[in-house]
């Protein structure tokens, strides 16, 4: 990680985790350079990156301002990680799950209609990786992400494919709230992914959409149950 990358992470976390009030003015460029012990050129690159994540609003002749929370780019993996690292954000988690339930069934339908033989090989390879890593949560989750990403690519829709990083970020964000290590959960997870793959392989768009919807709803139920537990505790 370069010095610039480290500064992006440090400054981004400070903003995302509430060190600066949304809507408020940030310190001057000179003060920030002193605070972070960096040059103006590096700081300006950092500001440029955080502006693309919609954490900072750089206003000409006025200075730097923290963007309102509702305008932050929550589809950016870094922003999601920084916000959730601070603690549970029930509204954000709920919103992320709602987005998944909206788009993933349609993505699965399109994949069933359009997947090529090459696409099917990629989807199945990730399914097999899930099966092979059932005793290793991190590897299992990475294979799960790869499975859904391969389905997204199988839509052959160049606009939808641009959502790949965003959907991966959504999955990573809710993983801690939905994953269970018990064998029954792992077996059920593999089963529903197998059912989705089979529907896509058979080019049964209706079955693929329905399998995906059931998968998302099951994830939603587990996440909301976990959020309720944390709220009570």
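To the nearest whole percent, what portion of all C-alpha pairs in the range 137-191 is separated by more than 15 angstrom?
So the portion of pairs separated by more than 15 Å is 52 percent.
Helix 117-132 sits at what angle to the longest principal axis of the chain, using alpha carbons and giving 0 to 90 degrees rounded to 10?
Roughly 80 degrees, rounded to the nearest 10.
Taking the C-alpha atoms of the range 1-125, how large are the radius of gyration and the largest Cα-Cα span, Dmax, in Å?
Radius of gyration, then largest Cα-Cα span, for the range 1-125: 19.0, 57 Å.
For the chain, find the longest principal axis of its Cα atoms and tell me its angle to the long axis of helix 183-201, 0 to 90°, nearest 10.
That helix lies at roughly 80 degrees to the long axis.
Hey, rough spin-label estimate for residue 120 and residue 198, points 7 angstrom out along Cα→Cβ, what's it come to in nanometres?
Going from the residue 120 label point to the residue 198 one covers 1.5 nm.
Quick one: compute a quarter of the convex hull surface over the Cα atoms of the range 145-228 and quote it in nm².
Working: hull surface 23.0 nm².
Hull-based average projected area comes out at 5.8 nm².
May I ask for the angle, rounded to the nearest 10°, between helix 205-232 and the longest principal axis of the chain, with both axes built from Cα atoms and the value confined to 0 to 90°?
So the inclination is approximately 50 degrees.
Beta carbons within 10 angstrom, averaged per residue: use that to sort the peptides 47-55, 160-168, highest first.
Descending packing order for the listed peptides: 47-55, 160-168.
Taking a ≥ b ≥ c as the square roots of the Cα gyration tensor eigenvalues, with a/c under 1.5 meaning rounded and otherwise prolate when a/b beats b/c, else oblate, which class fits the range 89-139? Could you put the intermediate results ahead of the total?
Details: a/c = 4.62, a/b = 1.23, b/c = 3.77.
Verdict is oblate for the range 89-139.
Bear in mind these aren't lab numbers, they're just calculated from the coordinates by the rules spelled out. If you're wondering where the values come from, they're calculated on a predicted model, not measured in any experiment. Every residue, glycine as well, gets a Cβ built from its backbone with ideal geometry; the counts of neighbours run over all protein chains shown.
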